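Have a look at the structure below, then the notes.
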Amino acid sequence: MLSLRRSVWSRAAKNPLKLLRRRPLLRQPPLRLLLLRLNLLHPPPPRLRLLRLRLHPPHLLLRTRNNGPSLFAQHKKPALCRLFIERRRPAPEYETTCFLWENSMSTLDDLNHRFGITGTLHFEEAGDNFIAARVANPLGAATIALQGAHVMTYQPRGQQPLIWLSEQARFAPGKSIRGGVPVCWPWFGPHATESGFPGHGFARTVPWQLLETRALPDGRTQLVFEIIHNDVTRAQWLHPSRVRNVITVGQELEVELATVNTGAAVFELGQALHTYFHVGDIRSVTLHGLDGCDFIDKTDGGARRKQQGPVVFNRETDRIYLGTHGYCEIRDPAMNRSIVVTATGSRSTVVWNPWTEKAAKMGDFGAEGHLNMVCVETANAAEDVVTLRPGEEHVLAAQYRLLPR
């Protein structure tokens, strides 16, 4: 791999094509091919002018093409690359969303080489440019997307699935997945002041970096992810922070979301593990553990009520329970089992089922899919958001396990 001096790279940044003409050796086939797509909010101008390109490390090379505002880059270790685009006089109509994708087969080869565990963990394509980890150990099996560090499926060994994934779920870069365990971060629900920002934050639709995989001595498998911040996420979340998601697959499923305030100012954090549980028939399900808790009923204009007895489901349900105690039990007579949710670092629990009419409008629930799911979300939402001071860490964790009846 060539290593360019800083002065040479400076010229390349200003005119990469000129450097290619002067140095024929740079035209050698790339070891890894990456595509950066610029998705403009409005039709692009005839010519998108780039003021400066900064690449880290500096010996990453550029190649350009003529059919659109796209750039190609090559590097031996794409996971280490960071590419930023700056323009003269940024304007809202030219705002961009940047995705850095590696050639699929090269990515799979690299991931399997670096993080695969023989007989237990491998990586595969779940959709176009959409990669997922497949875990199958003696205790359980799971599928985890690299986008969003999103647990898509989980099934304890010898049991039916605990996590629900829609048959109509779409797996595409930048799109949310219907089902699994979406990570809502760094806010829950609509943004407090910016209606154009994505609901439930951006964490579930951006790439996460896989840092480590472990085969634990007790047979469980653990994966450690960290969110990849870019210009878009930094524009929507101004607070320097680090967030990691540690997923442990065994006889139980454990998800641990850790946020560290790496900046110099205090900020408030909203978050949730928006978990979809698989049930036999929602109409016979009862949810226990919330008796006596106040809740915000979002189907009734945010009216405040107090829960009396178990939660039952006979219509659309969308509630934020406040001051909860970190324990819920989903009793499912149709499947003759219970699902126990144990949480720490959580002050609220969100319960959701869209019911017939809303599910049909969403388009990705499938035929009567809402009858086989219920969301019981470990959260810090509404007035239960977390305040993080500089240097502080908050860990939101949940464990999901089956209790056969």
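The values are calculated or read from the model by the stated rules, or taken from the named source; none is laboratory data. For clarity, every value in this text was computed on a predicted model and none was experimentally measured. With ideal geometry, Cβ positions are generated from the backbone for all residues, glycine too; neighbour counts draw on all protein chains shown. To get the accessible areas, we keep the full protein, side chains included, count just its heavy atoms, and leave off ligands, DNA and RNA. Shrake-Rupley method; radii C 1.70, N 1.55, O 1.52, S 1.80 Å.
Observations
- Of residues in the stretch 342-380 being under 14 Å from His325 (Cα atoms) and among the hydrophobic types (A, V, I, L, M, F, W, C), the one surrounded by the fewest Cβ atoms within 10 Å (Cβ to Cβ): Ala343
- Here Ala334 meets each of (1) modelled with pLDDT under 95; (2) under 19 Å from Leu165 (Cα atoms); (3) open to solvent by 50 Å² or more (accessible area, probe 1.4 Å); (4) part of a loop (DSSP other than H, G, I, E, B) with one exception, condition (1).
- Residue list for the stretch 165-177, filter: surrounded by fewer than 23 Cβ atoms within 10 Å (Cβ to Cβ) and either part of a loop (DSSP other than H, G, I, E, B) or modelled with pLDDT under 95 (or both): Ser166, Glu167, Gln168, Ala169, Arg170, Phe171, Ala172, Pro173, Gly174, Lys175, Ser176
- For the stretch 364-404, the tally of residues that are within 25 Å of Gly301 (Cα to Cα) and of a type outside the set (A, V, I, L, M) stands at 8.
- Residue match in the stretch 288-308 (condition: small (Gly, Ala, Ser) and surrounded by 14 or more Cβ atoms within 10 Å (Cβ to Cβ)): yes
Residue by residue, here is whether (1) under 22 Å from Val181 (Cα atoms); (2) open to solvent by 50 Å² or more (accessible area, probe 1.4 Å) holds:
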| position | (1), (2) |
| --- | --- |
| Asp109 | no, yes |
| His113 | no, yes |
| Gly119 | no, yes |
| His122 | yes, yes |
| Glu125 | yes, yes |
| Asp128 | yes, yes |
| Ala132 | yes, no |
| Ala141 | yes, no |
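- Flag for His239 being assigned to a loop (DSSP other than H, G, I, E, B), open to solvent by 40 Å² or more (accessible area, probe 1.4 Å) and modelled with pLDDT under 95: no
- Number of positions in the stretch 351-368 that are within 14 Å of Phe313 (Cβ to Cβ), outside any loop (DSSP other than H, G, I, E, B) and not hydroxyl-bearing (Ser, Thr, Tyr): 6
This table checks each residue for (1) among the hydroxyl-bearing types (Ser, Thr, Tyr); (2) at pLDDT below 95; (3) touching a strand residue (DSSP E or B) at 6+ places or on another chain (Cβ under 8 Å).
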| site | (1), (2), (3) |
| --- | --- |
| Phe188 | no, no, yes |
| Glu194 | no, yes, no |
| Asp218 | no, no, no |
| Ala258 | no, no, yes |
| Phe267 | no, no, yes |
| Tyr276 | yes, no, yes |
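- Taken as a whole, the condition of being in contact with a Phe, Trp or Tyr (Cβ under 7 Å, 6 or more places away or on another chain) and open to solvent by 70 Å² or more (accessible area, probe 1.4 Å) applies to Arg315.
- Exactly one residue among Phe202, Phe225 is under 25 Å from Arg401 (Cβ atoms) and open to solvent by less than 50 Å² (accessible area, probe 1.4 Å), and that residue is Phe225.
- Members of the stretch 149-171 that are more than 14 Å from Tyr276 (Cα to Cα), in contact with a strand residue (DSSP E or B) (Cβ under 6 Å, 6 or more places away or on another chain) and not charged (D, E, K, R): Ala149, Pro156, Gln159, Phe171
- In this structure, Pro161 does satisfy being modelled with pLDDT of 95 or more and either in a loop (DSSP other than H, G, I, E, B) or among the hydroxyl-bearing types (Ser, Thr, Tyr) (or both).
- Scanning the stretch 206-217 for residues that are surrounded by fewer than 20 Cβ atoms within 10 Å (Cβ to Cβ) and without any contact (Cβ under 8 Å) to a residue 60 or more places away in the chain returns Leu211, Arg214, Leu216, Pro217.
- Here Leu162 meets the list (1) out of contact with any helix residue (DSSP H, G or I) (no Cβ under 6 Å at 6 or more places or on another chain); (2) over 19 Å from Gly250 (Cβ atoms) almost entirely, failing just condition (2).
Yes or no, residue by residue, for (1) part of a loop (DSSP other than H, G, I, E, B); (2) within 24 Å of Ala397 (Cα to Cα); (3) at pLDDT 95 or above:
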site	(1), (2), (3)
Asp110	no, no, no
Gly119	yes, no, yes
Ile131	no, no, yes
Arg134	no, yes, yes
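- Contact map, the stretch 382-405: first residue assigned to a helix (DSSP H, G or I) and open to solvent by 30 Å² or more (accessible area, probe 1.4 Å), second residue modelled with pLDDT of 95 or more and among the polar types (S, T, N, Q), Cβ cut-off under 8 Å, separation 6 or more or different chains; pairs are Ala382/Ser348.
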